[in-house]
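The values are calculated or read from the model by the stated rules, or taken from the named source; none is laboratory data. Nothing here was measured: the structure is a model prediction, and the numbers come from that model. Heads up, the Cβs are rebuilt from the backbone with ideal geometry, glycines too, and the neighbour counts pull from every protein chain shown. Heads up: the accessible areas ignore ligands, DNA and RNA and are worked out on the full protein's heavy atoms, side chains in. Shrake-Rupley method; radii C 1.70, N 1.55, O 1.52, S 1.80 Å.
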Amino acid sequence: MFVGDIHRRWEHVERGLARLDRPPEDVVLLGDMECHAPLDTLVAPILAAGARLHWIHGNHDADGGPGMWANLADPALNPITAAGALHGRVARIGGLRVAGLGGTFRARVWLPPAPPRLQARAELDDDITSLGPEWREDARATLRASLATLAIWPEDVAALAAQRADILVTHEAPSSHPAGLTVIEALARDMGARLIVHGHHHIGYRARAADGLEVQGVGAAWGIDRHGVTHWAGEAERWLGRKPAGWEFAD
């Protein structure tokens, strides 16, 4: 089961799970949980149902500062769910190879279709040092932490592209969404993935490219499986807008 951006609305997930005849074996969170408490605590209903928890981060998962990020990603706070982090790796889930790419593109690192400004996090300190004197040290530290954790980095995409997967899970959307980017489906194709599942845009849809690559968008706090079946609804969906050319959309 893939669950879209929760944004602290965990009640949608809890109600959805309670309505299922049979709980899912695995739940994948697509980012933007905005953890106001440790993830281990917030996903207690999922764990109690017997499901294994996997997750990627979104662009809002540190909006509340370092404490919010720690609530999501710090293994000391999350001894159960820390191992479920999918960003930058491939895991075997339900017999399938599932790859994760969290975060969003940021102009200071990489904003496709432009080439990357930076390739790797090792370049970040020098880049932050180059900021003008109007930048206070606390502002520099905040930017450094934000880019290091929440930006999509070329080094992460390259590392994933060298691996194989059946499903690519992302926060950013591919070009099947009007605001999506072709680099996402290019990564899926490099990995041999046949399905991309993404959040971020709060809309559920199913699209298919000419070569058979499929995309599943998932609405905010909605529960949708890999076949595109909706198991529960969350927040009201946003309008998809103009459907991009090159994709066939399911009704």
Practice prompt. Just need the relative contact order of the stretch 104-150 here, percent rounded to a whole number, with Cα pairs under 8 Å and 6+ apart.
Written response: 33
Worksheet item: In whole Å, what three semi-axes, largest first, describe the equivalent ellipsoid of the chain built from its Cα gyration tensor (square root of 5 times each eigenvalue)?
Response: 28, 23, 16
Worksheet item: What percentages, rounded to whole numbers, describe P(r) for the stretch 170-251 computed over all alpha carbon pairs with 5 Å bin width beginning at zero?
Response: 3, 16, 30, 27, 16, 7, 1
Worksheet item: Can you put Trp153, Trp69 in order of accessible area, largest first, using a 1.4 Å probe?
Response: Trp69, Trp153
Worksheet, complete the sentence: For the stretch 136-192, the dipole about the Cα centre with charges only on Cβ (Lys and Arg +1, Asp and Glu -1), to the nearest 20 debye, works out at 100
Worksheet item: For the chain, what % of the accessible area comes from carbon and sulfur atoms, probe 1.4 Å?
Response: 53
Fill in: the chain - percent relative contact order, Cα under 8 Å, separation 6 or more
21
Fill in: Principal axis dimensions, largest first and in whole angstrom, of the stretch 82-207 by Cα
51, 32, 24
Fill in: Low-density loop cleavage sites - chymotrypsin sites (Phe, Trp or Tyr not before Pro) in the stretch 180-251, where at most 12 other Cβ are within 10 Å (DSSP)
Trp239
Worksheet item: Exactly which GluC sites (Glu not before Pro) in the stretch 1-61 are in a DSSP loop and have at most 14 other Cβ atoms within 10 Å?
Response: Glu25
Worksheet item: Does the stretch 1-140 come out rounded, prolate or oblate by the C-alpha gyration tensor, with a ≥ b ≥ c the root eigenvalues, rounded set by a/c under 1.5 and, if not, prolate when a/b is larger than b/c and oblate if not?
Response: prolate
Fill in: Derived scalar couplings ³J(HN,Hα) [the stretch 216-227; Karplus, 6.51 cos²θ - 1.76 cosθ + 1.60; whole Hz; x for Gly, Pro]
10, x, 10, x, 5, 6, 7, x, 10, 8, 5, 8
Worksheet item: Per residue, what accessible area does the stretch 120-161 have, given a 1.4 Å probe and all protein chains present, in Å²?
Response: 52
